[in-house]
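The values are calculated or read from the model by the stated rules, or taken from the named source; none is laboratory data. Everything quoted here is computed from the prediction, not taken from an experiment. Positions of Cβ are generated from backbone atoms using ideal geometry, with glycine treated the same way; all protein chains shown enter the neighbour counts. Side chains are part of the model used for accessible areas, which takes the heavy atoms of the whole protein and leaves out ligands, DNA and RNA. Shrake-Rupley method; radii C 1.70, N 1.55, O 1.52, S 1.80 Å.
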Amino acid sequence: MEKTLPNNNKTMKKEDSSNKSSGNKNYKKKLITRLSKIKYDEKIIQVTRVTKVVKGGKKLTFRAVVVVGDTKRKVGVGVGRADDVNLAMDKAILNAKKNLITIPLTLNYSIPHVVRSNYGACKIMLRPSSLGTGVIAGGSVRTVLELAGLRNIVAKQFGSSNILNNAKATILALTNLNQIIELGKYQSTRRQVFYDKLIRKYKNARLYN
């Protein structure tokens, strides 16, 4: 009996190790999520030539600004720089996919309340509106709001009309809105009930990244 025990222990250990290895493999498979497989709508806002003065002369590069979104809840702005236009665009798309944010959509495909934000010399104000209003905005702000999935909203630009800064200002405004809603839910039960009634619900989704 004493001789058979160590053999049994060895077999038990082997089984445990095999189970652990299989469990680890499954766990690793679940963790991997490739951004290239997820489909998003892409819009190129701006492609500019940038010249840099070097010792030998002038070096010419391209800068691309791209907005990426799924027209449901997620949106992001990306910038890419390269010697070739196509390379710059690819870099910008990858950068935008890395910097995606989720926005709070109401039942009217709008935002819960007014938000203001600044980015550089750009100032932006976003206001909610009723059904059938549409997206009342211009330039890069409009593209960001449309790709985010907002259908009824009013936006106003103040200060500079820089395309990149205005796009970043809108994303900053939407992230601030997320923070305000999350804080409001913890502050009082009334606000929590209000936001629960107003905002669309999605399975396995978090409001604030």
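Shown here are the Rg and Dmax of the Cα trace of the stretch 80-127, at 15.8, 45 Å. Loop-resident chymotrypsin sites (Phe, Trp or Tyr not before Pro) (DSSP state other than H, G, I, E or B) in the stretch 117-209 with no more than 15 further Cβ atoms inside 10 Å of their Cβ: 202, 208.
Surface calculation, 1.4 Å probe, protein heavy atoms: residue 151 sits at approximately 130 Å² accessible. Basic side chains Lys and Arg get +1 at the Cβ, acidic Asp and Glu get -1 at the Cβ, and with that the dipole of the stretch 47-202 about its Cα centre reaches some 240 debye.
Accessible area per residue for the stretch 54-109 is 50 Å², calculated with a 1.4 Å probe on protein heavy atoms, without ligands, DNA or RNA.
For residue 48, the shell of other residues with beta-carbons less than 12 Å away shows a net charge of +3, using +1 for Lys and Arg and -1 for Asp and Glu.
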